[in-house]
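All of the numbers you see were taken from the coordinates with simple rules; none came from a lab. Note that the structure is a prediction, hence the values are computed from the model and not measured. When we count neighbours, we look across all protein chains shown, and the Cβ atoms used for this are built from the backbone with ideal geometry, even at glycine.
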Amino acid sequence: MSSIEIKKIGITNLDTDAIVNAANEGLWGGSGVCGAIFRDAGSAEMTKACNAIGGCKTGDAVITPGFRLPAKYVIHAVGPVWQGGEHDEPRLLYSAYEKSLILAKEKGLHSIGFPLISAGIYGYPKDKAWRKAIQACKDFIGSNPDHDIKIIFAVLDDGILSLGEKTLKEIG
């Protein structure tokens, strides 16, 4: 049975089939979630795998091995930079989650860990980011009843955790 939950845990500690990197279009190692994933997976290996892919458009996702992570795979999803909400940001953020879940299904994966994509240095308002994230996951579960998937959002901040749990109850 598919499910969505939110945990206070570092995403690189999740023992899921895949974790999702809040990536940039160049698939370069960065800071925040991206930096932690590259560091814990093995920066050289992850950089080489990402360079071989060559990049990823905003709203899309690609997959690499997880290397030294507990997760078998890393799905690199590129969310939008917040520009006030009038530059297609909601659709692009929804798409980043949707494409990640589609990739997971195509690979036969049944558990996935997400960060709150675009809500860090990309500036997406956290309440709006949670709404898009949870709606995209709910929609995927609803339209894929043949594929059980456990979705875990990994957050480190109590305020973001509370906001996510509140949003999950409202949408759920």
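A few remarks follow.
- The translational diffusion coefficient of the chain, from Stokes-Einstein at 10 °C and 1.306 mPa s with a Kirkwood hydrodynamic radius over alpha carbon pairs, comes to 102 µm²/s.
- On the beta carbon distance between D139 and K72, with R0 = 25 Å, the FRET formula returns roughly 0.50.
- Extension gain for K107 to I171 (0.36 nm times residue separation, less C-alpha to C-alpha distance): 20.3 nm.
- Calculated mean residue ellipticity at 222 nm for the chain: -13500 deg cm²/dmol, from DSSP H runs with n ≥ 4 weighted as -39500 (n - 2.57), summed, divided by the residue count and rounded to 500.
- Under 5 Å from the amide H of N21 lie the amide H atoms of I75, H76, A77, each residue being 5 or more positions distant or on a separate chain, with H modelled from the backbone and absent for Pro and chain starts.
- The chain - charge dipole about Cα centre, Lys and Arg +1 at Cβ, Asp and Glu -1, debye rounded to 20: 160 debye
- Amide H partners (placed H, <5 Å) of I4, local residues excluded: I151
- Karplus-based coupling profile of the range 75-90, in residue order and whole Hz: 9, 9, 10, 9, x, x, 7, 5, 10, x, x, 9, 10, 6, 4, x, with θ = phi - 60° in 6.51 cos²θ - 1.76 cosθ + 1.60 and x standing for Gly or Pro.
- Karplus 3J(HN,Hα) series, Hz, for the range 22-32 with 6.51 cos²θ - 1.76 cosθ + 1.60 (x for Gly, Pro): 6, 8, 9, 4, x, 6, 8, x, x, 10, x
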